[in-house]
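Written out below as structure tokens is the structure these notes cover.
The values are calculated or read from the model by the stated rules, or taken from the named source; none is laboratory data. The structure presented is a predicted model; accordingly, all values stated were derived computationally and were not measured. As a convention, Cβ positions derive from the backbone with ideal geometry for all residues, glycine included, and neighbour counts pool all protein chains shown.
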Amino acid sequence: MLAPVFTLNLNQKIVPGRVCIGKYDGAHSCLTASTTADKVFIHNSHQRLGVAGGRMSLSQSSAEVSLLNINQTVSAITAGKLTKDRHSDILVVGTPTNVLAYDVQNNSDVFYKDVSDGANAITIGQLGHHSFPLALIGGNCSIHGFDSEGNDPFWTVTGDNVSSLTLADFDGDGENELLVGSEDFEIRVFKQEEILYEMSETEAVTALCPMQGSRFGYALANGTVGVYEKLARWWRIKSKNQAIAIYSYDLDGDGVPELITGWSNGKMDARNDRSGEVVFKDNFPSTIAGIVEGDYRMDGKNQLICCSVDGEIRGYQSSSPESRYSMMDSNIEQETIRELSQRRHNLLLELKNYEENQRMGSSGEILSGKPSTAGDQVGVIPANTQLQTGLAINMGSEDKNIPPHVEIALATTNDTIIRAVIIFAEGIFEGESHVFHPRESALSSNIRVPLYPPKDVPVDLHIKAMVGYKASLHYHVFELTRQLPRFSMYALCTTPVTEPQGYVKFKLTERVARIVMWINSSFLLLDDLQADDEGVLDVSFVSLRSNMPLIVQATPQCEITVRTDNMDLAGDIMQALSNYLNLEDLQVEADFPSELEQLGSVLERVEEYHATRQRLSAEMADHSGVIRTLVVRAEDARLMSDMQSMRHWYGELYNLNKDLISGYKIRCNNHQELLNCLKQVNQTIQKAGRLRTGKSKTAVISACRQAIKNNNVNSLTKIIRTGSA
Amino acid sequence: MGKMDPLFLALSYFKRRKFEKCITACTELLAKNPYDQAVWSLKTRALTEQVWVDECDGEEEGLADVLMDDNTIASVARPGTSLRTAPPSTADGPSQTFRPSTQSGRPLSGVVRPGSQGGRPGTMDQALRTPRTAQTARPMSATSGRHVRLGTASMLSTTEGPFINLARLNIAKYATQQNIAKALFEYIYFHENDVRHALDLAAQATQAQEFKDWWWKVQLGRCYYRLGLFRDAEKQFKSALKQQDHINTYLLLGRVYIRLDQPIGALEVYKEGLDKYPGEVTLLTAIARIYEGLHDLTKAVKFYKDILHHDATHVEAIACIGTHHFYTDQPEVALRFYRRLLQMGIYNCEIFNNLGLCCFYAQQYDMTLTCFERALSLATDHSVADVWYNLGHIALGIGDINLAYQCYRLALVANNDHGESYNNLGVLEYRRGNLDTARAFFMTAASLAPHMFQPHFNHAKLAHKVGDLQTSYIIVQKALALFPGHVDSKELLKTLETHFHTL
């Protein structure tokens, strides 16, 4: 078994996920983590380790910790080389309102910037063609890239709050791409400001780590970890615990990094990147806070360093190829035996079923058509039994309080019944799968399962249905897969609808027939749609979620208009369409009066909140000045045993303190509102970007950013409408 | 002969810095026409000029700010990168043994500055008890304290009520009128000392100017600085510097970094300012002060000499270089610098005291006592104790123990908080064999002057001598905490440790 090469206890609490390691003097690795009371500690191991070269004792280790006051909640922390000409690392600390880049060695700021979107995730590195490293800050729907002078040459928006960031050479062109995991369950790959790929997951993406080449590991808020190779998911596992940190490190020395995961229950395991098989595990007494890699023993090799929230640190050394096999100790042997015997058991069971079937077949008994009983070894159904499936839109009914939905109908072809259905699909159900089993009395040969897809994404439904006879003990399992089209939640409308005000207009050099084909494939239609004889297409849908209309029109010259009031939906349609048609670049003309009006009012509110915030913070600073004076006065009175005036001063202090607390509450609310507004603004920009494809998309986003910087609302709306200022 | 136009007269008064007369003239004019903006603005300016102080130099951290604020990022920064931690072991220049430190733990400088007198207390108790003698009183906090005492008239009572009633002022209206707003801001900031209203005005005015006027940004920064919002202040100053390079802005930005305890950052700002304004004396002085605070005395002196190249009558630079030479065993050179100061017209007790000491160590004994006589005759209550204390040194130097004893006693009569005198008296008592008295003196000295390591070391040595090893062990560690490089203390500790090991 691989034992930690060093263990030490820092006697400092560590906030989960806020751990990094940096070489602040250019040579020695210092573990840095956020601890309680808004402080960051730096562990200077080399002060002793460099000399003694052995293990550190407990008493010494706590003396080597130096604390940094941040005075704000630390939301993210990382260290890296931000300046090209210097070899030392810069510590970058993110808080909900600003980012501080700090030179630990010289005790001086590199830059200090307000980021009103907050800093949920930070990573440092080379991005794309930028010649200098950037500190990339992921906030609410936006990503900033700061250089060492505090300028932000990189800025873009993303769909939701960024929860994780990493850099990896995704497409293998020698330049790093930015991988962004966000709270809308998406992993997006940015090449420069442009989204290269999007991958949908089933929960908020809490961690990402590059592994090798275009391979990367990810972790979700529901306890899933897995590995992607480009767009293909190699494996994933789900645990009831949450993965706090993931890291890639070659622990078994085979030249391929494993995915190391730190769990909330204190477990730490290393998994093979290809199969997800556990190659090593260890247990900590408390939640893992973070995993980093650094040369902590000054022996020229990097160790894997694992920290728990209680400040326990363990370092693991990559084992040499020779000692790899000694890792397979008795524990693993036993596990293998257990696994194999389990498989044997399963195989035996299967064999028995086959034998039983054969026996029945040879005896010529007609057993089908009646339920199996306890004595029978198997239930038999007619050989020609088929399971038919169909997807349809159910408009629901008002009086039964059933909202409109998509339903999947399952039916058998004869008198057998469906005992239960298990549907497995990502992103539709809570917890990925849905089990439907009617009551004993209501069993029938057809079943309708309602589906409510929350997002417009194509979904693969893996269906397992148990088919047999009533009261039978044995059932046959039918497995099949159906695909739910992307826009299944939109029903074809035959009656004329009121035309929505919002629209997207564009011209394609395509045949209308291809557009029709696209519509047929992405909407749930009973009959395939056709353009009329002149090649004009005019089709209206109604959303099952909101009852809002959606109209798609096309002229024979392929001038297409998509009318909807929902900018999000328009963006989805544009993205899906350009994907289908493989469009490189598409500029559109768009107008969403209600959204744009809202944007204007939101920006006005942002202004107001900023002003209020400034006033409130000045007030607060003023109050706190008075409070300090009062404390000193009161203490002075106490030392002089002048209890009466001490009472007086403390009384005043108490009142002022109450004022301050109520002021703080107002400020909190104000800040929350401000955040919401900013998020809305960012989301609108993102939506405006999604209406376009390729270069035009990037151009729109950066133009919007410029307009917001210059506080020019009119040009912002113009950009969203026309795509340029 | 026709009468001179009263407004012109008032302006003339203002230009000749006859503010009282200017104000009276303006008041008369305003009584006739209360809406005359020109007169009104002139009066505000006159009132402000009366009480204006230079903030960059006159600023001192308040007691409460020191104790309760955590503006510094690194609590234990690497030695040599902070104005608060102990000096680096590699620090050049004379060690603490020769060059005493001030209460703040920084090396003794040539001039007394705000802030160098008070120490950095660990607890509130300590802060309130020890350093608040008559000479070392410090303001309560930045918002009260010195600014109120020094520079503002807000505490003066006026007969007909305040000139401008801030509570009833329509700030939004004035913020848009640039001709009045600036004068009004300075009035509120300096005369009324009402930072909150000043901030309000500045914020609205800079908005009215569409964030294009650097002057308002600097003022906003100043307000934030006074309120203790250093990060906001930093932002404003930096933004102002982008629009307009201004020496004062550089100085203010540097102060922000000093308050954040990032001397290296401050140095960078000052040096950036020097690139734009080569040879600017105020920037050079600020740099030299920081190096002094960082114990990098060689560099500090280099910058002080630089200052003298540009401004040969810079008192601070001359005094600091003199002090440096004195403590690096070159009293003759120091003497020349002090004589230069004397020539420049500085005629006070301190200069004669220093001249006397230089003369003594340069072996010009004939001048020594004359200088000290002059110093004593010029001494104020504030400084007489120091003169007697130095005389005690002279007496010790010529071997007159009795005179030394009397001198120290006299120093204590003048100022019974004089820790150094207590320490030296203790040593004298120790030599006489009065060990109990000596111990009492050392203990008093240690409690009165928490920045000195000598009483601790002396006390430890005494305890070691009488066999009280435990006390000795505890106290010698206190001495080492104040001065980690002190060889004698280290040796004593080593002896004690070997003692304990053999037990």
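Summary table below
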| quantity | calculated |
| --- | --- |
| Matching strands (runs of 3 or more DSSP E) fully within region A:40-145 where at least 1 residues are within 14 Å of chain B (Cβ to nearest Cβ), at pLDDT 85 or above and within 17 Å of A:Ser164 (Cβ to Cβ) | A:76-80, A:90-94, A:98-103 |
| Flag for B:Glu332 being at pLDDT below 90, closer than 24 Å to B:Tyr304 by Cα and in a helix (DSSP H, G or I) | no |
| Candidate set: region A:247-262, residues that are of a type in the set (Asp, Glu) and at pLDDT 80 or above; chosen: the one surrounded by the most Cβ atoms within 10 Å (Cβ to Cβ) | A:Glu258 |
| Unique residue being surrounded by 18 or more Cβ atoms within 10 Å (Cβ to Cβ) and either on the phi > 0 side of the Ramachandran plot or part of a helix (DSSP H, G or I) (or both) when the list is A:Glu635, A:Glu597 | A:Glu635 |
| Unique residue being among the small types (Gly, Ala, Ser), part of a helix (DSSP H, G or I), at pLDDT below 80 and closer than 18 Å to A:Pro4 by Cβ when the list is A:Ser323, A:Ser319 | A:Ser323 |
| Residues satisfying the stated conditions in region B:182-217, i.e. part of a helix (DSSP H, G or I), surrounded by fewer than 24 Cβ atoms within 10 Å (Cβ to Cβ), without any contact (Cβ under 8 Å) to a residue 40 or more places away in the chain and away from chain A (no Cβ under 14 Å) | B:Lys182, B:Trp214, B:Trp215 |
| Members of region B:262-279 found to be modelled with pLDDT of 90 or more and more than 21 Å from the chain's Cα centre (by Cα), listed by number | B:Glu268, B:Lys271, B:Glu272, B:Gly273, B:Leu274, B:Asp275, B:Lys276, B:Tyr277, B:Pro278 |
| Output for region B:230-242, where each listed residue is under 23 Å from B:Tyr189 (Cα atoms) and surrounded by fewer than 24 Cβ atoms within 10 Å (Cβ to Cβ) | B:Phe230, B:Arg231, B:Asp232, B:Glu234, B:Lys235, B:Lys238, B:Ser239, B:Leu241 |
| Pairs, first on the phi > 0 side of the Ramachandran plot in region A:525-554, second outside any loop (DSSP other than H, G, I, E, B) and modelled with pLDDT of 80 or more, C-beta under 9 Å, six or more apart | A:Gly535/A:Val512; A:Gly535/A:Ala513; A:Gly535/A:Ala554 |
| Selected residue (only one of A:Met646, A:Met640 is loosely packed, with under 13 Cβ neighbours inside 10 Å, over 21 Å from B:Gly228 (Cα atoms) and within 14 Å of chain B (Cβ to nearest Cβ)) | A:Met640 |
| Failed criterion for A:Ala442 (all others in (1) farther than 25 Å from A:Arg233 by Cβ; (2) touching a residue at least 60 places away in the same chain (Cβ under 8 Å) hold) | (2) |
| Residue check for A:Gly226: in a strand (DSSP E or B) and in contact (Cβ under 8 Å) with a residue 40 or more places away in the chain | yes |
| So A:Asp152, is it in contact with a Leu (Cβ under 9 Å, 6 or more places away or on another chain), over 29 Å from A:Thr224 (Cα atoms), not polar (S, T, N, Q) and not in a loop (DSSP other than H, G, I, E, B) | no |
| Residue check for A:Leu569: hydrophobic (A, V, I, L, M, F, W, C), outside any helix (DSSP H, G or I) and either in contact with a strand residue (DSSP E or B) (Cβ under 8 Å, 6 or more places away or on another chain) or surrounded by fewer than 21 Cβ atoms within 10 Å (Cβ to Cβ) (or both) | no |
| Residue match in region A:539-549 (condition: surrounded by 15 or more Cβ atoms within 10 Å (Cβ to Cβ), away from chain B (no Cβ under 14 Å), more than 35 Å from the chain's Cα centre (by Cα) and not aromatic (Phe, Trp, Tyr)) | yes |
| Residues satisfying the stated conditions in region B:432-443, i.e. surrounded by fewer than 20 Cβ atoms within 10 Å (Cβ to Cβ) and touching a residue at least 24 places away in the same chain (Cβ under 8 Å) | B:Leu435 |
| The listed residue being of a type in the set (Asp, Glu) and either outside any strand (DSSP E or B) or under 25 Å from A:Leu167 (Cβ atoms) (or both), out of A:Asp282, A:Asp273 | A:Asp273 |
| Sole exception among (1) touching a helix residue (DSSP H, G or I) at 6+ places or on another chain (Cβ under 8 Å); (2) modelled with pLDDT under 85 for A:Met640, by number | (1) |
| Elements of type helices (runs of 4 or more DSSP H) in region B:1-101, at least 2 residues being within 14 Å of chain A (Cβ to nearest Cβ) and at pLDDT below 70 | B:63-68 |
| Some residue of region A:168-185 being assigned to a strand (DSSP E or B), surrounded by fewer than 22 Cβ atoms within 10 Å (Cβ to Cβ) and of a type outside the set (D, E, K, R) | yes |
| Selection status of B:Lys242, within 14 Å of chain A (Cβ to nearest Cβ), farther than 25 Å from B:Val39 by Cα, in a loop (DSSP other than H, G, I, E, B) and modelled with pLDDT of 85 or more | no |
| Among (1) in a helix (DSSP H, G or I); (2) more than 10 Å from chain B (Cβ to nearest Cβ) - the single one A:Gly625 does not satisfy | (2) |
| Qualifying strands (runs of 3 or more DSSP E) (wholly inside region A:400-492; at least 3 residues being surrounded by fewer than 21 Cβ atoms within 10 Å (Cβ to Cβ)) | A:405-412, A:417-424, A:433-436, A:446-451, A:459-468, A:476-484 |
| Criterion violated by A:Thr698 - all others in (1) touching a strand residue (DSSP E or B) at 6+ places or on another chain (Cβ under 6 Å); (2) of a type in the set (Val, Ile, Thr); (3) crowded, with 21+ Cβ neighbours inside 10 Å satisfied | (3) |
| Within region B:263-293, considering residues that are surrounded by fewer than 18 Cβ atoms within 10 Å (Cβ to Cβ) and within 19 Å of B:Ala233 (Cβ to Cβ), the one nearest to the other protein chains (Cβ to nearest Cβ) | B:Glu268 |
| First in region A:142-170 and at negative phi, second anywhere and aliphatic (A, V, I, L, M) and part of a loop (DSSP other than H, G, I, E, B), Cβ under 7 Å, 6 or more apart | A:His144/A:Val115; A:Gly145/A:Leu127; A:Ser148/A:Leu82; A:Phe154/A:Leu127; A:Ser163/A:Ala204; A:Leu167/A:Leu127 |
